[in-house]
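Colleague: Structure incoming, see below.
The values are calculated or read from the model by the stated rules, or taken from the named source; none is laboratory data. All values reported here derive from a predicted model rather than from experimental measurement. Please note: Cβ atoms are built from the backbone with ideal geometry, for glycine as well, and neighbour counts cover all protein chains shown. For accessibility, only protein heavy atoms count, side chains too; no ligands or nucleic acids. Shrake-Rupley method; radii C 1.70, N 1.55, O 1.52, S 1.80 Å.
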Amino acid sequence: MAPSSPPQTPPSAVVIVLLLLFSTALLCESRLSLDYYSKTCPSFTKIMQDTITNKQITSPTTAAGTLRLFFHDCLPNGCDGSILISSTAFNKAERDADINLSLPGDPFDLIVRAKTALELACPNTVSCSDILAVATRDLVTMLGGPYYNVYLGRKDSRVSSASSLEGKLPKPTMSMSQLINLFSSSGFTVQEMVALSGAHTIGFSHCKEFSSNISNDTHYNPRFAQALKQACSGYPNNPTLSVFNDIMTPNKFDNLYYQNLPKGLGLLESDHGLYGDPRTKPFVELYASDQNKFFQDFAKAMQKLSVYGIKTGRRGEIRHRCDAVN
């Protein structure tokens, strides 16, 4: 009697096992963590802190600009550093879309400085999207805002297209329903939208974004409206003219932005809309009266935004330069 041969593993079972092993490997590769660079780039935190501090001291508007750059990177297509890529003769990148032309140069310079220092210490290790996420959090904290955890391990996008932004970023002229729908399409609630709008407690807006509304919008405090007309009187000949979003404490991250709105001291049409719409007004009043609650909700919303649509594992890359794909 011939000896029986060992049972054969069905080919389908082998395929399933291989797929499970592959999926597990991808999962491990894709996992974000707070200490992602602790072994591969131990000097990551110190390099980031030194670069950020030096830049903010020499250019105090860097914080607000970086926060805005972060929003414009993350909200449309996820936090993948695609906003940092420069256009080429064959491709118009996100940073050259009309809505992004007013982004200031300082935050871009900050990211380049941090990336340069990190490449010297830890070549091809730290992603540009992680640099932007950490820089944003640290600068918000430097101006008195809340600290929140930033999970690391993002990979950078290989593509950046200006056309991909259409209808995905808020504009000052949008109605409140349009703004709510825009944030909702990315998974953010009305309250999270109002909390994130508190970013307007720092920074400035160009006159072109609101000057046409000053005479027609009755929500403006009359004296404030007159001051805005004077400040923007030379706007047609000087498009760079701008006004602080929060005229009371423009360089401090606090809740005065919300306190300004009932007084008619909001700058943009969308700011007035937050206080005028019954869906958002309760949250404006809540944050105006309770800064701790605003900080708590802003931190949660920012942490949520910081992992929105991220690329991990083999879906992205670690760019050698933040302004160009490898």
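Colleague: Given a 1.4 Å probe, how much area per residue of the stretch 30-77 is accessible, in Å²?
Modeller: 46
Colleague: Within the stretch 293-311, name every residue whose backbone N is under 13 Å away from a label modeled 7 Å from Cα of THR189 along the Cβ vector.
Modeller: Only 297-298, 300-301 pass the distance filter.
Colleague: Which whole-Hz couplings ³J(HN,Hα) result when phi for each residue of the stretch 126-143 is put into the Karplus expression 6.51 cos²θ - 1.76 cosθ + 1.60, θ = phi - 60°, listed in order with x for Gly and Pro?
Modeller: Once θ is set to phi - 60°, the couplings for the stretch 126-143 become 9, 7, 5, 5, 5, 4, 5, 5, 6, 4, 4, 4, 5, 6, 4, 5, 4, 8 Hz.
Colleague: Restricting attention to the stretch 73-182, which GluC sites (Glu not before Pro) occupy a DSSP loop and are surrounded by at most 15 other Cβ atoms within 10 Å?
Modeller: GLU166
Colleague: Sticking to Cα atoms, compute the Rg of the stretch 33-114 to one decimal and its Dmax as the biggest Cα-Cα distance, whole number, in Å.
Modeller: 14.3, 41
Colleague: Going highest first, how would you order 148-156, 230-238 by mean Cβ packing within 10 Å?
Modeller: My ranking of the peptides, most packed first, is 148-156, 230-238.
Colleague: Quick one: Kirkwood hydrodynamic radius for the stretch 177-224, alpha-carbon pairs, angstrom, one decimal?
Modeller: Mean inverse Cα-Cα distance, inverted, gives 13.0 Å.
Colleague: Subtracting the Cα-Cα distance from 0.36 nm times the residue separation, let me have the gained length for SER164 to MET142 in nm, one decimal.
Modeller: 4.6 nm
Colleague: Let me ask something else. Quick one: Cα centre-to-centre distance for the stretch 209-255 and the stretch 68-86, in angstrom?
Modeller: Using only Cα atoms to place each centre, the spacing works out to 27 Å.
Colleague: Another question, if that's okay. Give the span of the stretch 183-326's Cα atoms along each principal axis, as three whole-Å numbers ordered largest to smallest.
Modeller: Principal extents (largest minus smallest coordinate, Cα): 55, 39, 27 Å.
Colleague: So between ASN124 and THR218, what do we pick up on full extension, going 0.36 nm a residue minus the alpha carbon distance?
Modeller: Roughly 28.5 nm would be gained on extension.
Colleague: Cut-off under 18 Å on the C-alpha distance; same-chain residues fewer than 8 positions from LYS171 excluded. Which lysines are left, in chain and number order?
Modeller: Of all the lysines, those that pass the test against LYS171 - Cα under 18 Å, at least 8 places apart if same chain - are LYS208.
Colleague: How big is the stretch 199-241 along each principal axis, measuring the range of its Cα positions in Å and listing the largest first?
Modeller: If we take the Cα atoms of the stretch 199-241, the spans are 26, 25, 14 Å.
Colleague: So which of LYS46/LYS92; LYS115/LYS252; LYS39/LYS115 end up more than 25 Å apart by C-alpha?
Modeller: Too far apart for the 25 Å limit: LYS46/LYS92; LYS115/LYS252.
Colleague: I need the Kirkwood Rh of the chain: take the reciprocal of the average 1/r across all distinct C-alpha pairs and report it in angstrom.
Modeller: Value: 21.4 Å, from the Cα pair sum.
Colleague: I'm checking a number: the convex hull volume of the Cα atoms of the stretch 49-200, normalised per residue, in Å³. What is it?
Modeller: 125
Colleague: Another question, if that's okay. Treating each Cα of the stretch 282-326 as an identical point scatterer and ignoring solvent, apply the Debye formula and state log10 I(q)/I(0) at q = 0.15, 0.21, 0.22, 0.24 Å⁻¹.
Modeller: Each listed q maps to, in turn, -0.59, -0.75, -0.79, -0.87.
Colleague: Semi-axes of the equivalent ellipsoid of the stretch 235-280: what are they in whole Å, largest first, if each equals the square root of 5 times a C-alpha gyration tensor eigenvalue?
Modeller: Equivalent-ellipsoid dimensions as semi-axes: 22, 15, 7 Å.
Colleague: Here is a follow-up. Kindly provide the helix-only [θ] at 222 nm of the chain, computed as the sum of -39,500 (n - 2.57) over DSSP H runs of four or more divided by all residues, to the nearest 500 deg cm²/dmol?
Modeller: -14500 deg cm²/dmol
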